[in-house]
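The values are calculated or read from the model by the stated rules, or taken from the named source; none is laboratory data. Quick caveat: nothing in here was measured; it's all calculated off a predicted structure. All Cβ positions, glycine included, derive from the backbone under ideal geometry; neighbour counts span all protein chains shown. Side chains included, ligands, DNA and RNA excluded: accessible areas come from the protein's heavy atoms. Shrake-Rupley method; radii C 1.70, N 1.55, O 1.52, S 1.80 Å.
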There are 2 protein chains.
Amino acid sequence: MPQRALGRLLDLGEKVAGIVGFPIPDLSPKTIVVMAGDHGVVEEGVSAYPAEVTGQMVHGFVSGHAGINVLCRHAGIGVRVVDMGCRADFSDLIAAGAVLDAKVAPGTANMRRQPAMSRGQAALCIERGAAIARGLAVEGVRMLGTGDMGIGNTTPSAAIAAVVTGRTVEECTGRGTGIDDSRLAHKALIIRQSIEARQPNPHDPLDILSKIGGFEIGGIAGFILGAAESRIPVVIDGVTSTAAAVIAWLMEPRLAHFMFAAHRSVEPAQAAMLSLMGLEPILDLGMRLGEGTGCALAMPIIEAGAKVLREMATFAEAGVSQA
Amino acid sequence: MPQRALGRLLDLGEKVAGIVGFPIPDLSPKTIVVMAGDHGVVEEGVSAYPAEVTGQMVHGFVSGHAGINVLCRHAGIGVRVVDMGCRADFSDLIAAGAVLDAKVAPGTANMRRQPAMSRGQAALCIERGAAIARGLAVEGVRMLGTGDMGIGNTTPSAAIAAVVTGRTVEECTGRGTGIDDSRLAHKALIIRQSIEARQPNPHDPLDILSKIGGFEIGGIAGFILGAAESRIPVVIDGVTSTAAAVIAWLMEPRLAHFMFAAHRSVEPAQAAMLSLMGLEPILDLGMRLGEGTGCALAMPIIEAGAKVLREMATFAEAGVSQA
């Protein structure tokens, strides 16, 4: 092959090799874990949808009709659904094994009025998320992806981005599932007031997580740490997963060698956080659904890069005339 | 699903639906056809590799060790190899059914000194390429991709781009498989001299094809026309496939509704031609290998868009509370 003619595809393969070693083993089976949680700040009117949609979407994931289900079936990726802290009760689904119970509490507190959770709850999110990744590693999963579900969670995601990157709240605040201009301005105001009231310490990731939230963000942060400990490549989805990634990365900057950014979200906070961590998104399709949908499209491309590095003949091996 | 939350993925699905209708059928089986040909202009020293590499790579495709083989195995896509006009003789591979014989002649003439082919040969390329696509449609293939192999073929591709888009030769000329600055300047000079000597008529695609070449470019142009006639979505790879696409598009501008641009090549001519046809590339991974490698990565994403449109529940169907 002419040198570097496959561009970033080879970079992806080399990054995988740096995690799993040579010769590169299969990266299947692959699993995306969707972590769900509710956010007290929704009562401030920051979202286009009411909080009960979080629980309804968890039922959607279980029924197999959500976007993440369609895309994971298409790509041969398994899906697991975790309740990190939803208001809804999923006892039946948990008993049936369809939802994993890691509920820290039924929704965070409203960060504008009080810390979203206690420091102990923040540590618990991290611990439970990491345990889930380690468990999947033991099951033999070879590549992991993150997904999120939580009405209102672009609000804490933008707040985390502003605190960690130092950019303004306005630069970090996006339209989430589709709010109009006036609600966008209101959302930015709520985020600014929350940061002023809570004063999260930008150098203390557990302080940021506990003051801003949410439970699924903490769970995903722990999940990423657990994947890296198990030397499993972990693919980061959109803005909420990236906010979780930046929390984990503040704890351990070497995590950047284990993480792949699936896609560029339309949420502006995501680009700011990716650039801080030195990660470049693989896809740019204008997506903003969350759930891990970007991971479902990017994981096969990462796998392709690894296979190219493993299987493709170089010009010398193939007996091709040299330049 | 919140409106347009899957961004361009839904656009891809809708474009597929415009071609194949509702309800969207399966897009598998999928096949990439790699068309190979040699270029007389290689004797002017425009390429980093000698012309015999074209034939060696055809053997590589048959052996299954080339980049396109690895990526197609990964994505469950079939590969067919066609000799549109190589200097090498593939009698054995043709007899074995490993290479399809559509050879128009053993390489084009050097466009700097004479027309690359006759107008009759140009028409023959188109006809044979279209017949191959129609044959695959009859076999039941549901999505097609284009691939090319031809040492030196970024030179005619850049020449076609300059003639058709009106941009300067310097804007359209790239490094192909990796030439240095001085050879890049030489390549641009050869292209400029060829265009001045041949005076291709920018409004007559057969005139452009016959004066500039090459046989694989004509074959791919015909292939795209044949796919569209059969109402099969056809995915366009890098700069050489895009040069073929623009030849076909000049014959029938409605082709743009049937074509998907797999990826943004690092060759500058490609962006100029895509923008003329109003096509936006799906991927941007810095690739420049050709062979159809971009298609192998993009076809599963197009298929994902179609499946989302077909299978995913909307919020209303899923009983999710409205905003």
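Data overview
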{"read-out": "Flag if A:Ala228 is aliphatic (A, V, I, L, M), farther than 18 Å from A:Leu71 by Cβ, more than 14 Å from chain B (Cβ to nearest Cβ) and touching a residue at least 12 places away in the same chain (Cβ under 8 Å)", "value": "yes"}
{"read-out": "Considering residues of the range A:161-174 that are more than 14 Å from chain B (Cβ to nearest Cβ) and either in a loop (DSSP other than H, G, I, E, B) or open to solvent by 40 Å² or more (accessible area, probe 1.4 Å) (or both) only, the residue farthest from A:Val266 (Cα to Cα)", "value": "A:Gly166"}
{"read-out": "Among the residues listed as A:Ala131, A:Ala122, A:Ala158, the single one being open to solvent by 30 Å² or more (accessible area, probe 1.4 Å) and among the small types (Gly, Ala, Ser)", "value": "A:Ala131"}
{"read-out": "The listed residue being on the phi < 0 side of the Ramachandran plot and part of a strand (DSSP E or B), out of A:Thr177, A:Thr155, A:Thr146", "value": "A:Thr146"}
{"read-out": "All positions within the range A:175-222 that are of a type in the set (Gly, Ala, Ser), modelled with pLDDT under 95 and touching a helix residue (DSSP H, G or I) at 6+ places or on another chain (Cβ under 8 Å)", "value": "A:Gly176"}
{"read-out": "In the range A:1-11, the residues that are open to solvent by 10 Å² or more (accessible area, probe 1.4 Å) and outside any helix (DSSP H, G or I)", "value": "A:Met1, A:Gln3, A:Arg4, A:Gly7"}
{"read-out": "Number of the condition not met by B:Ser265 [criteria: (1) open to solvent by 40 Å² or more (accessible area, probe 1.4 Å); (2) within 14 Å of another protein chain (Cβ to nearest Cβ)]", "value": "(1)"}
{"read-out": "B:Glu252 being of a type in the set (Asp, Glu), within 22 Å of B:Gly214 (Cβ to Cβ) and surrounded by fewer than 24 Cβ atoms within 10 Å (Cβ to Cβ)", "value": "yes"}
{"read-out": "B:Ile94 being touching a residue at least 60 places away in the same chain (Cβ under 8 Å) and of a type in the set (Val, Ile, Thr)", "value": "no"}
{"read-out": "Residue list for the range A:17-30, filter: crowded, with 16+ Cβ neighbours inside 10 Å and modelled with pLDDT under 95", "value": "A:Ile24"}
{"read-out": "The lone exception for A:Met117 - which of (1) surrounded by fewer than 24 Cβ atoms within 10 Å (Cβ to Cβ); (2) in contact with a Ser or Thr (Cβ under 6 Å, 6 or more places away or on another chain) it fails", "value": "(1)"}
{"read-out": "Test: B:Glu14 is closer than 30 Å to B:Ser182 by Cβ, surrounded by fewer than 22 Cβ atoms within 10 Å (Cβ to Cβ) and away from every other protein chain (no Cβ under 12 Å)", "value": "no"}
{"read-out": "Test: A:Ser321 is crowded, with 19+ Cβ neighbours inside 10 Å and part of a loop (DSSP other than H, G, I, E, B)", "value": "no"}
{"read-out": "The range A:298-310 - residue that is open to solvent by less than 10 Å² (accessible area, probe 1.4 Å) and within 7 Å of another protein chain (Cβ to nearest Cβ) and, of those, nearest to B:Gly7 (Cα to Cα)", "value": "A:Ile301"}
{"read-out": "Residue in the range B:269-289 that is surrounded by the most Cβ atoms within 10 Å (Cβ to Cβ), counting only those that are out of contact with any His (no Cβ under 7 Å at 6 or more places or on another chain) and within 14 Å of chain A (Cβ to nearest Cβ)", "value": "B:Gln270"}
{"read-out": "Options B:Leu297, B:Leu289, B:Leu285; residue that is touching a Leu at 6+ places or on another chain (Cβ under 7 Å), free of Cβ contacts under 8 Å to residues at least 24 places away in the same chain and among the aliphatic types (A, V, I, L, M)", "value": "B:Leu285"}
{"read-out": "Enumeration of residues in the range B:223-241 that are in contact with a strand residue (DSSP E or B) (Cβ under 8 Å, 6 or more places away or on another chain), under 24 Å from B:Asp284 (Cα atoms) and either assigned to a helix (DSSP H, G or I) or at pLDDT below 95 (or both)", "value": "B:Ile224, B:Thr240, B:Ser241"}
